[in-house]
Amino acid sequence: MTQDRPDDLADRIAAALRSREPDDATTAALAQRIAARVEAAGGRSGVVTPFARRAGTIAVTGVVASALGVVGAGAAAASDPYTDFAAAVDGLARAVGVEWSAMPAGYTREQHDAFWDAGFSTEDQMELAELWSLDTVEVKARAGQMVLDGERLPFEPGTHTTPEPSAEELAALQAFIDSGYTSEDLAALSALWNVDEMEAKARAGKILLVGKPLPLP
């Protein structure tokens, strides 16, 4: 049987990672072939092949076989790409030379990490989205790349933040929560006062704290 070239093998792994419902038998067989390939790449006559170099320190047969044996986790990683688990799957794929990421198309993990590690807030992200007329993923990709390239963004990280609620506001919110009113009650108050539900909850809590009834049927 003709042995797969490293690039062919990488393509096969990437295809399995993209699969929403990978076949267990196929995935297990693929993992064994990866393990054998890594072992051969690092053990023949002391020759270090490009594949072995890409595999790096993770080129231990048992580790590669067990980790890539659950390559179907790629679908789970893609469903929530911002978790440590998804980052680990990305790192494993990269370690064996596979160009695959759980991140949304056009948005790399490096951009994601650069944006948040720089200290930008969710409110900063929303301001950039409005400024650039982009969706949130495009904003973080563009802003993260600018950080990586050493470019200045329109404002400093953390410029836009939501103030922490005061002790009085926290007490009012807790009073409403403890009162037993429902989400339907809150929606009715929000509509009555023409405010968002968070503000309606705080206002209602303040009314409750002074012992007055809420304007509800």
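If I filter region 121-141 down to residues being closer than 13 Å to Tyr107 by Cβ and without any contact (Cβ under 8 Å) to a residue 24 or more places away in the chain, which single residue comes out as surrounded by the fewest Cβ atoms within 10 Å (Cβ to Cβ)?
Among them, the one singled out is Asp135.
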Open item on the list: Looking at the structure I just gave you, is Ala65 at pLDDT below 65 and assigned to a helix (DSSP H, G or I)?
Closed with: yes
TODO: Exactly one condition in (1) on the phi < 0 side of the Ramachandran plot; (2) under 32 Å from the mean Cα position of the chain (by Cα); (3) surrounded by fewer than 12 Cβ atoms within 10 Å (Cβ to Cβ) is not met by Lys212; state its number.
DONE: (2)
- [ ] Could you check Leu173 against (1) farther than 30 Å from Gly106 by Cβ; (2) outside any helix (DSSP H, G or I) and say which number it fails?
- [x] (2)
TODO: Among residues belonging to region 147-170 that are in a helix (DSSP H, G or I) and not acidic (Asp, Glu), point out the one that is nearest to Leu208 (Cα to Cα).
DONE: Leu170
- [ ] Answer with yes or no whether Glu197 is surrounded by 11 or more Cβ atoms within 10 Å (Cβ to Cβ), at pLDDT below 90 and among the acidic types (Asp, Glu).
- [x] yes
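The values are calculated or read from the model by the stated rules, or taken from the named source; none is laboratory data. All values derive from a computational prediction rather than experimental measurement. Reconstructed Cβ throughout: ideal geometry from the backbone, glycine too, with neighbour counts over all protein chains shown.
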